[in-house]
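Every number here is computed from the coordinates shown, using simple stated rules; none is lab data. What you see is a predicted model; the values in this text were computed from it and never measured. Don't worry about glycine lacking a Cβ; one is built from the backbone with ideal geometry, like all the others, and counts go over all protein chains shown.
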Amino acid sequence: MGNITLVPVWIIQDILVLIIATLMIFYIIDNEERPKIVLMQFICFVFFYAAAFENVAVFMGSIGKEGFYSYGNSILMIFNVPITVPIIEFLIVYSTLRVLKTINIPSWTKPFITGLTAMIFDFSLDPVAVKQIFQTSEGIIGRWSYYPIPGEPVIYGEPVMNFTGWIYIAGYWTTFILIGEWWHKKKGYSNLIGYIYPILASILSLICLVSPISNFINYMGPFFTRTSNMQWIMLISLSVITLGILVLAFVKFWDRRFVSSLNYRKDFPIMFTFLGFPLTNTLFCVIGGYMEVLWLVVLAELLLLLGWCGIYILNKKFFLRNEEYPTS
């Protein structure tokens, strides 16, 4: 039997994710109209979507294929991927959609906004994970080790397109979940449809993820190569476009109607996902001495803080104003 390496820092990070995930499950049960269906979304995203593509990437990295990656051992694994990786991905996507459901904005804007949020969140997470490298009884292992291809544009050792990728990884899922929710409603909230559409959403999202569409978004493949600066151009272009859609959605539509209120106590798992995880990443960045990437982690944390606080303040003002001047 081989050695089992447990890195204390990783244990703390994993336990924190599992605690918040448990609280999020309770939150879903208490606050969603159809909690079983949302929990089905949780299961399908984690096991049939995120863990599926993560394991493929890890497998490719394990056989020496450049352009892929590997993970260090954690408390609980889905094959070669720590279970906390797809879980935290779901938490940020679900939390964003949950907040967006409090605002009367067009559904077509939600995949873009969710994708932008996931990308910003990733900037608070990946730079720290890449730096967390430890000497253990099994040798030198990293929390997350990427193997870029030679000449590929990188941000602190991570391909630029990996950040761009979160726009469409979250966007694909959001698109098909919204279509599934529409279908579910159209069929009178049939239990059968409710349990089927999350599975279909994960399958269709995965198909889109491995399709040529993703490489086109990453670096306009096949017209450009992965080693070109088109990775930078696509990252910047998509960020500007999605930011523009975000501004349009909130400036044009927020004042029409908030359909439900936000409460930092009631919505604690949502708030912690946006603010708590980036803060802990910043702390681990400082404790670990990864000062090279600290500015990027802090910037992502501030952007998420700005987004949450902005929506929270506007939400409170809206409901306070309606209490003072109720409409007939």
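Is it the case that the stretch 125-137 has a residue that's of a type outside the set (K, R), surrounded by fewer than 19 Cβ atoms within 10 Å (Cβ to Cβ) and either in contact with a strand residue (DSSP E or B) (Cβ under 7 Å, 6 or more places away or on another chain) or under 26 Å from V240 (Cβ atoms) (or both)? So that I can check it myself, show each step before the final result.
We begin by selecting, within the stretch 125-137, every residue of a type outside the set (K, R); these are 125-130, 132-137.
When the remaining residues are screened for being surrounded by fewer than 19 Cβ atoms within 10 Å (Cβ to Cβ), the result is 133-137.
Applying the additional criterion that residues be either in contact with a strand residue (DSSP E or B) (Cβ under 7 Å, 6 or more places away or on another chain) or under 26 Å from V240 (Cβ atoms) (or both) yields 133-134.
Yes.
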Within the stretch 164-205, restricting to residues that are of a type in the set (A, V, I, L, M, F, W, C) and touching a Cys at 6+ places or on another chain (Cβ under 8 Å), the one that is surrounded by the fewest Cβ atoms within 10 Å (Cβ to Cβ) is I199
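Every residue, every condition in (1) surrounded by fewer than 16 Cβ atoms within 10 Å (Cβ to Cβ); (2) within 28 Å of G142 (Cβ to Cβ), yes or no:
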position: I20; (1), (2): no, yes
position: E33; (1), (2): yes, no
position: V38; (1), (2): no, no
position: E54; (1), (2): no, yes
position: I63; (1), (2): yes, yes
position: Y71; (1), (2): no, yes
position: V85; (1), (2): no, yes
position: K110; (1), (2): no, no
position: I113; (1), (2): no, no
Hey, I15 surrounded by 14 or more Cβ atoms within 10 Å (Cβ to Cβ) and β-branched (V, I, T) or not:
no
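Looking at this structure, is I105 over 26 Å from N31 (Cβ atoms) and either among the β-branched types (V, I, T) or surrounded by 19 or more Cβ atoms within 10 Å (Cβ to Cβ) (or both)?
Details: over 26 Å from N31 (Cβ atoms): no; either among the β-branched types (V, I, T) or surrounded by 19 or more Cβ atoms within 10 Å (Cβ to Cβ) (or both): yes.
No, not satisfied.
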Please name all residue pairs, on different chains or six or more residues apart, with Cβ atoms under 6 Å, provided the first residue is in the stretch 167-186 and is at positive phi and the second residue is among the acidic types (D, E) and surrounded by fewer than 24 Cβ atoms within 10 Å (Cβ to Cβ).
none
Within the stretch 236-281, count every residue that is aromatic (F, W, Y) and outside any helix (DSSP H, G or I).
3
So F224 clears everything in (1) assigned to a loop (DSSP other than H, G, I, E, B); (2) free of Cβ contacts under 8 Å to residues at least 60 places away in the same chain; (3) in contact with a Ser or Thr (Cβ under 7 Å, 6 or more places away or on another chain) except one condition, right? Which one?
(3)
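Do we have any residue at all in the stretch 111-126 that's of a type in the set (V, I, T) and either touching a Phe, Trp or Tyr at 6+ places or on another chain (Cβ under 6 Å) or assigned to a loop (DSSP other than H, G, I, E, B) (or both)? Talk me through it step by step, then tell me what you get.
So the first thing to find is which residues in the stretch 111-126 are of a type in the set (V, I, T), and the list is 113-114, 117, 120.
With the extra rule that they be either touching a Phe, Trp or Tyr at 6+ places or on another chain (Cβ under 6 Å) or assigned to a loop (DSSP other than H, G, I, E, B) (or both), the set shrinks to none.
No; the residues of the stretch 111-126 include none that is of a type in the set (V, I, T) and either touching a Phe, Trp or Tyr at 6+ places or on another chain (Cβ under 6 Å) or assigned to a loop (DSSP other than H, G, I, E, B) (or both).
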Name the pairs whose Cβ atoms lie under 6 Å apart, with the first residue in the stretch 75-90 and at positive phi, the second among the polar types (S, T, N, Q), and 6 or more positions between them or separate chains?
F79/N55
